[in-house]
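Enquirer: This is the structure I have questions about; it appears just below.
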Amino acid sequence: MKAYAGNHIGGCGHRSPLRPVARYVGAFVALIAVNSVSVVAACGHSAETVLSQDGVPQCTIVVAEQAAPAGLELARELAHWLQKITGGQFNVSKELSDQAIVLGTWDQWQASLNVSDQPPDSPEGYRIRSDGKKVWVIARTELGLQHAVYGFLENLGCRWYFPDPVWTVIPHSATLVVNLDQMASPAFGYRRIWYGWGPRTEKLSADYQNWLKHNRQLGHFQVACGHSYDSHISPKSLCRTSGMVFLCRGSSPAISALHI
């Protein structure tokens, strides 16, 4: 992505540079990015599109008439963050206007697009394309759409480094212009970085869930991958077949084991 000076965001398939907060923070976010999405350039079909001019929104956020509640909530979240960036209040509508940020799945909007505008054919694939009047934020599924919205905000410079608002970085620009044609899909079907022993308070749990969403973690291929060995392989069968001695809690063998 070629980043223009000032308030113009543009390009094809490349992320905005990370702010130099700290060397280890950059490395941590790079680890998330590597495990989150594979970004592919889709150049040649984009044009500069004005989202805000001097703090006045130049477009509406539009969802499909048949949008699910989750889609409407994503539109409201996008409006919230765009207001933080520009200072302007972006409206959410189900009526397609001439100038709009259009959110939805390919099935919802394919009648308004060309076949060449499709997102990647994967459960979480999405495409973001500006055409001069509209920004199309289109995905294969609602989960992909969630990733697309936060991928779009990442292109605008938003960052959620760690699970607490103090680590949120939102740029401020009253005038916002984008020029994007970007496709992305996960490199892995499930991505997760978690706390040892889990979040301990309700606030920490809520902050952590938001952080997962903002950084496009988790995925369509749900995996029980933490302290779950004994849910896949019976400790009793291992004891019989491999000579493992299990430490017991009550009458049930625990997965902690000594090999003899």
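Enquirer: Quick one: what pairs do we get from region 54-70, first residue in contact (Cβ under 8 Å) with a residue 60 or more places away in the chain, second in a loop (DSSP other than H, G, I, E, B) and aliphatic (A, V, I, L, M), C-beta under 6 Å, 6+ apart or different chains?
Expert: The qualifying pairs are Asp54/Ala174; Gly55/Ala174.
Enquirer: Scan region 212-220 and give yes if some residue there is buried (at least 19 other Cβ atoms within 10 Å of the Cβ), assigned to a helix (DSSP H, G or I) and either touching a helix residue (DSSP H, G or I) at 6+ places or on another chain (Cβ under 8 Å) or not assigned by TED's automatic domain parsing to the domain that holds Gly88 (or both), otherwise no.
Expert: yes
Enquirer: Being touching a residue at least 24 places away in the same chain (Cβ under 8 Å) and over 22 Å from the mean Cα position of the chain (by Cα) is true for just one of Gly104, Gly132, Gly144, Gly125. Which residue is that?
Expert: Going through Gly104, Gly132, Gly144, Gly125 in turn, the sole match is Gly132.
Enquirer: How many residues does region 186-207 contain that are among the hydrophobic types (A, V, I, L, M, F, W, C), assigned to a loop (DSSP other than H, G, I, E, B) and farther than 15 Å from Leu218 by Cβ? Write out each step before concluding.
Expert: Applying the first criterion (among the hydrophobic types (A, V, I, L, M, F, W, C)) to region 186-207 yields 187-188, 193-194, 197, 204, 206.
In the following step, the residues that additionally are assigned to a loop (DSSP other than H, G, I, E, B) were identified as 187-188, 193-194, 197.
Within this subset, residues satisfying the condition of being farther than 15 Å from Leu218 by Cβ are 197.
So the answer is 1.
Enquirer: Another one. Tell me, yes or no, whether region 178-185 has at least one residue that is at negative phi and either among the small types (Gly, Ala, Ser) or not assigned by TED's automatic domain parsing to the domain that holds Ile101 (or both).
Expert: yes
Enquirer: Of all residues in region 175-210, how many are without any contact (Cβ under 8 Å) to a residue 40 or more places away in the chain and among the charged types (D, E, K, R)?
Expert: 4
The values are calculated or read from the model by the stated rules, or taken from the named source; none is laboratory data. Note that this is a predicted model, so its numbers are computed, not measured. Cβ sites come from the backbone with ideal geometry, for glycine too, and all protein chains shown count toward neighbours.
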